[in-house]
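The values are calculated or read from the model by the stated rules, or taken from the named source; none is laboratory data. For clarity, every value in this text was computed on a predicted model and none was experimentally measured. Positions of Cβ are generated from backbone atoms using ideal geometry, with glycine treated the same way; all protein chains shown enter the neighbour counts.
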Amino acid sequence: MTMLFADDERSLQEIMKLELPLMGHRVTVCPDGLTAAAALEKDNFDCILVDLDMPGMSGIDVIAKAKQLCPSTEAIVLTGKGTVDTAIAALRHGAFDYLTKPCTMVELEALLKRVQDKRELTNKYYALVHRLKNIEGTPKLIGDTPGMKQVQTMIAKVAPTDSTVLILGETGTGKELVARAVHENSTRAGKPFVAVNCGALPETLIESELFGHAKGSFTGADDHRTGLFEVATGGTIFLDEIGELPKSMQAKLLRVLESREIRRVGENKTVMVDVRVVCATHRNLEEMVAEEEFREDLMYRINTFEIHLPSLRERIDDIPQLAGHLLRRFRPSGKAFDHELTDGAVQALKAHVWPGNVRELANVIEHATILCDAGPIDTEHLPQHFNRRQLSGGAKSQLGPMTLRELEMEAIHQSLDRHAGNKPKAAEELGISLKTLYNKLNQSSGLEKSA
């Protein structure tokens, strides 16, 4: 590390000139606080080691100067036995730690190792944050249709507040992207954004995942666990598919939203949390309340501000722009990429039903970029089930418009094709339960037999 040592004791200055380089550090030695402050004006230092009681300028003032010029600089203070209280005051001003004179080189080396470890962890953290931002990119809502402009307006209105937001929309419309946009445009931007899929968590572990647990609180709780509400402290927690939350957890979530306190499983004490809550669901919560599947008081609590995200079939004119954005996302790395969509491909995309919404469009575009070696992307590069739909749609149009049941069954069969017959995945994509999917397939089978 590059270090600055400031102390008015001549013997200590000479020792540090010899010992710190032997530990692998570059050191600048100063005889007093004023000289140290002047050195801080000229260079940045990874760590400063300063005596508290120096002529001209105290060690606390030197630390304050260092933090002002370079906040990442770590500070260690040296203090006599009678001034430990002053050393503690220095810690409150941002010092990393203190050593009481006289101290050994072994003690100093161990403390400097801790400083280095902290700096390495901090650097790794910022590198990971930078890498994650490059992967995820800045949340960008694509589309100029009236429905999407309304969504963008609503985000701009609610983001600067701390209000709870409920995002409504079909599966695959991009509800998490809207939640991220709310977070990134709020005063909490730069703090954690934690996304939780409530429908994917086992009922027995939901409370532990959200609120944490104490070691030994239940079978398998071998260690203390910090809950996701605590992880998101200072930032935003996104509760996706809130409609899938069991009734027992709905009551506990309501208490957290009202009190801003959580209680870890197996503990009696409460912990304050400062988080903004954004929820989303593809289900009709009012119908769920009427059927006593969702608490009415919780629905009103999370529905402070509502954002409706339109389905892709409601914003067909956005498809060319969305497809172009997705083409750039999926372009092969390290290869020249000049793919465009032919007019025929664009028309085919616009004619599709899109039961899977933008998520399905992303799959179609990724498939096309893999299949197309060069030149523009045409209908032949679209997935086989997609082309089958176009053919069947053309044949049906000659006979007349499709019924609602036919459209519904077509969407189901397309989803089953995409997932190679995997019914649970198809049901998840379509936003229906597995039982409902089986019922609709059985109804369709019965109609075909009767016909």
Please return the ranges of helices (runs of 4 or more DSSP H) entirely within region 1-109 where 3 or more residues are in contact with a Lys or Arg (Cβ under 9 Å, 6 or more places away or on another chain) and either surrounded by 18 or more Cβ atoms within 10 Å (Cβ to Cβ) or not assigned by TED's automatic domain parsing to the domain that holds N123 (or both). 33-42
I'm trying to understand the selection: among the residues of region 212-259, which are farther than 24 Å from E293 by Cβ, of a type in the set (D, E, K, R) and exposed (fewer than 14 other Cβ atoms within 10 Å of the Cβ)? K215, D222, D223
So in region 261-310, with the set limited to residues that are of a type in the set (G, A, S) and over 21 Å from I155 (Cβ atoms), which one is surrounded by the fewest Cβ atoms within 10 Å (Cβ to Cβ)? A290
Take E293 and decide whether it is of a type outside the set (V, I, T), out of contact with any His (no Cβ under 9 Å at 6 or more places or on another chain) and in a loop (DSSP other than H, G, I, E, B). yes
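Residue by residue, here is whether (1) among the β-branched types (V, I, T); (2) under 29 Å from the mean Cα position of the chain (by Cα); (3) within 30 Å of H308 (Cβ to Cβ) holds:
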{"site": "L99", "(1), (2), (3)": "no, no, no"}
{"site": "A110", "(1), (2), (3)": "no, no, no"}
{"site": "D117", "(1), (2), (3)": "no, yes, no"}
{"site": "L121", "(1), (2), (3)": "no, yes, no"}
{"site": "A127", "(1), (2), (3)": "no, yes, no"}
{"site": "I142", "(1), (2), (3)": "yes, yes, yes"}
{"site": "Q150", "(1), (2), (3)": "no, yes, yes"}
So is E406 modelled with pLDDT of 85 or more and exposed (fewer than 15 other Cβ atoms within 10 Å of the Cβ) or not? no
Subset of region 303-318, residues farther than 14 Å from K149 by Cα and at pLDDT 95 or above, comes to F305, E306
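Each row is one residue, and each column tells you yes or no for (1) over 21 Å from T86 (Cβ atoms); (2) in contact (Cβ under 8 Å) with a residue 40 or more places away in the chain.
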{"residue": "L20", "(1), (2)": "yes, no"}
{"residue": "H25", "(1), (2)": "yes, yes"}
{"residue": "N44", "(1), (2)": "yes, yes"}
{"residue": "C47", "(1), (2)": "no, yes"}
{"residue": "D51", "(1), (2)": "no, yes"}
{"residue": "P55", "(1), (2)": "no, yes"}
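Condition check ((1) touching a Lys or Arg at 6+ places or on another chain (Cβ under 8 Å); (2) part of a helix (DSSP H, G or I)) across all residues:
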residue	(1), (2)
K269	yes, no
R283	no, no
D297	no, yes
D318	no, yes
L322	no, yes
If I filter region 235-242 for residues that are within 20 Å of the chain's Cα centre (by Cα) and acidic (D, E), do I get at least one hit? yes
Is it the case, given these coordinates, that E296 is out of contact with any helix residue (DSSP H, G or I) (no Cβ under 9 Å at 6 or more places or on another chain), among the charged types (D, E, K, R) and farther than 27 Å from A214 by Cα? no
Taking region 218-238 only, how many residues are part of a strand (DSSP E or B) and under 16 Å from E261 (Cβ atoms)? 2
Scan region 414-433 for residues that are at pLDDT 80 or above and part of a helix (DSSP H, G or I) and report the count. 9
Flagged in region 361-403 as modelled with pLDDT under 70, more than 24 Å from D317 (Cα to Cα) and not polar (S, T, N, Q), in numbering order, are A395, L399, G400
Do you know which residues across region 166-188 are part of a loop (DSSP other than H, G, I, E, B) and either acidic (D, E) or in contact (Cβ under 8 Å) with a residue 40 or more places away in the chain (or both)? G169, E170, T171, G172, T173, G174, S186, R188
Only one of these is part of a helix (DSSP H, G or I) and over 21 Å from the mean Cα position of the chain (by Cα): K215, K252. Name it. K252
For region 118-141, indicate whether the set of residues that are over 15 Å from C47 (Cα atoms), touching a helix residue (DSSP H, G or I) at 6+ places or on another chain (Cβ under 6 Å), surrounded by 12 or more Cβ atoms within 10 Å (Cβ to Cβ) and in the same structural domain as K65 (by TED's automatic domain parsing) is non-empty. no
